Amino acid sequence: MSKIKKTKIGKCKICKETKELNFEHIPPRSAFNKETKYYTLNQKEYYQNTQEYVFGNLKPKSKKEQGGLGDYCFCKDCNGFLGSKYVRTYKKFAQIAMSIIQSNDKNTKAYGFDISDINLLKFLKQIISMFIGCNNHLFTECYPELLEFVKDENLTELPNRYRFYMYLNNEGQNRNGHIYFTNLYGTVCEFTFRPFGFVLSIDNPNRIMELSEITNFKHYDKIKKVDKLPIILNKYPTYYPIPLDYRTKDELNGSI
Ligand SMILES: [Zn+2]
């Protein structure tokens with residue numbers, strides 16, 4: 001039996017009103033996040049001891065938690081809005097991706113499949129709502145267009161400064177979606193939870209070549225007119241706790 005999550009009083013990250021907040025599962029509970037068991041690790045501590053953690057020589061000292069990853073970030077109304085508008089689409093895509101990863105040889109590095117029956121606009125809005133949930137209020141104060149895009153289910157306009165990428169993942173650690181400043185790529189947020197990883201890149205005119213860009217999912221109304229919508233996604237491990245670092249266990253072993 002899953003434990004009942006209580007509510008907390010706080011400021012909702014979608015409507016910005018102070019009220020009772022529900023525990024929001026990020027990603028949605030229905031997308032393999034129902035009974036997730038996890039440890040919360042101090043980022044610095046993990047960074048300093050990555051190799052020991054990856055190879056199992058060091059066990060996390062923090063208490064193991066379960067019941068799904070998430071936080072108290074949205075009120076009941078906003079939670080319900082996201083649930084009714086976007087969550088089912090996300091779940092559907094996650095199920096397809098998970099079954100594709102599991103049914104193939106684990107050494108396969110890239111997967112191509114047809115996504116023509118996924119509403120990609122809704123999918124993108126769900127991804128953005130997860131980035132909003134993962135970050136503090138400053139995030140949407142700095143990037144208000146992201147919030148407007150999520151709040152209006154029909155809005156297809158989003159400035160080109162926001163670019164989105166995705167990949168498949170079933171190996172390594174989750175990535176928490178927090179905003180991060182990299183030397184190479186500028187401002188990024190990366191959220192990883194099996195079977196997906198998502199990257200939001202802000203104000204970087206250069207494409208991130210390793211990943212499949214999905215920014216044009218916002219134009220789903222135009223691209224859906226094509227019969228088949230193929231997508232190719234690479235699969236990456238996420239052992240190292242830095243966004244956009246996809247070194248394998250072997251590479252990690254040799255390089256640190
Ligand atoms: Zn709200």
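At q = 0.16, 0.18, 0.23 Å⁻¹, what log₁₀ I(q)/I(0) does a Debye calculation on the Cα points of segment 197-256 give, no solvent, two decimals? Summing over Cα pairs of segment 197-256 leads to -0.69, -0.81, -1.06.
Just add up the charged neighbours of Asn160: K/R +1, D/E -1, any other residue whose Cβ is under 13 Å from the Cβ of Asn160.
Working: positive: Arg161, Arg163, Arg207, Lys218; negative: Glu145, Glu157, Asp203, Glu213.
Counting the neighbours of Asn160, the net charge comes to 0.
What is the ratio of the Cα radius of gyration of segment 162-202 to 2.2 N^0.38 Å, with N the residue count, to two decimals?
Values: Rg = 10.1 Å, N = 41, 2.2 N^0.38 = 9.0 Å.
Segment 162-202 yields a ratio of 1.12.
Rounded to whole Å, give me the distance from the Cα center of segment 103-118 to that of segment 190-256. Their Cα centres are 14 Å away from one another. Dipole of segment 107-256 computed with +1 at Lys/Arg Cβ and -1 at Asp/Glu Cβ about the Cα centre; of Ala110, Gly197, Tyr185, farthest Cα towards the positive end is Ala110. Couplings 3J(HN,Hα) for segment 68-78, derived from phi with the Karplus relation 6.51 cos²θ - 1.76 cosθ + 1.60 (θ = phi - 60°), are x, 6, x, 7, 7, 10, 10, 6, 4, 5, 5 Hz, where x marks Gly and Pro.
Can you work out the base-10 log of I(q)/I(0) for segment 121-256 at q = 0.20 1/Å, using the Debye formula on its C-alpha atoms alone? Summing over Cα pairs of segment 121-256 leads to -1.27.
In debye, nearest 20: dipole of segment 93-173 around its Cα centre with unit charges on the Cβ of K, R (+) and D, E (-)? Walk me through the numbers on the way to the answer.
Numbers: 7 positive and 10 negative charges, 47 e Å.
So the dipole magnitude of segment 93-173 works out to roughly 220 debye.
Listed by Cβ neighbour count within 10 Å, with the fewest neighbours leading, Val87, Val226 appear as Val226, Val87.
Expressed as a fraction of 2.2 N^0.38 Å, the C-alpha radius of gyration for the chain is 1.00. Phi angles of segment 103-118 translate, via the Karplus equation with coefficients 6.51, -1.76, 1.60 and θ = phi - 60°, into HN-Hα couplings of 8, 10, 3, 6, 8, 4, 9, 9, 10, x, 8, 8, 10, 5, 9, 9 Hz per residue; Gly and Pro are given as x. A DSSP coil position with no more than 15 other Cβ atoms inside 10 Å describes the following chymotrypsin sites (Phe, Trp or Tyr not before Pro) in segment 50-119: Phe55.
Bear in mind that the values in this text are calculations on the coordinates, not laboratory data. Please read these numbers as outputs of a predicted model, since none were measured by experiment. So basically every Cβ, Gly included, is an ideal-geometry build from the backbone, and we count neighbours across all protein chains shown.
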